[in-house]
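Down below is the structure, laid out as structure tokens.
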Amino acid sequence: VLVVDRRSDRLRLAEEAGATAVDDSQGDHVERILDLTDGGADKGCECVGYQAHDPQGVERPEATMNDLVASVKATGGIGVVGVFLPQDDGAPTELTQEGKLPFDFGQFWFKGQRIGTGQANVKAYNRRLGNLIHHGRARPSFIVSHELPLAEAADAYRHFDDRDPGWTKVVLKP
């Protein structure tokens, strides 16, 4: 499992979970993925959504999708769990404001890749995952960076949204 990010705190958590961290601020991450996988990953997952941005901080909603087309092997699969909206008035271009992406469909088609999208079917998995946590077989709490009272939710979200160092996941307590 490879995790691409540029935040050292998140990359460190990925490594602690057993993944290989790829820092996209340190060069061409697509080439790094191709090197690490001998020509392309079997599958890739888009987990950022329309807020994807380049290392300089410029929002590029299409970036992760096109990077996945480039770094997933022919006939590989791409999962999309990042949030994409049918309309986003704050998006950087007229096209992306309409919820559309400049997507490398030609290369996607040529490589015979597949895409699956949508929100997680939480009800199908929550009981089983809850039992794994209860019995100590899964410990997702390692990604929690802060436990705060509900009254601090707005401030916590600002820190998370601004990608402030150390703000990986917040648990709010009423």
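Values quoted throughout were computed directly from the atomic coordinates according to the rules given, and no laboratory measurement underlies them. In this text, all values refer to a predicted model and were calculated from it rather than measured experimentally. Cβ: placed from backbone, ideal geometry, glycine included. Neighbour counts: every protein chain shown.
Remarks
- Across the stretch 1-142, C-alpha contacts under 8 Å between residues 6 or more apart give a mean separation that, scaled by the residue count, equals a relative contact order of 17 percent.
- Positive contributions from Lys and Arg (+1) and negative ones from Asp and Glu (-1), summed over other residues with Cβ under 11 Å from the Cβ of residue 98, come out at -2.
- Between residue 98 and residue 123, the modelled labels are 3.5 nm apart [label points 7 Å from Cα along Cα→Cβ].
- Least to most buried among 160, 84, 105 (fewest other Cβ within 10 Å first): 105, 160, 84
- Around the Cα centre of the chain, unit charges on the Cβ atoms of Lys, Arg, Asp and Glu (plus for the first two, minus for the last two) sum to a dipole of about 1080 debye.
- Spatially, the stretch 17-66 and the stretch 144-163 are offset by 26 Å when compared through their Cα centroids.
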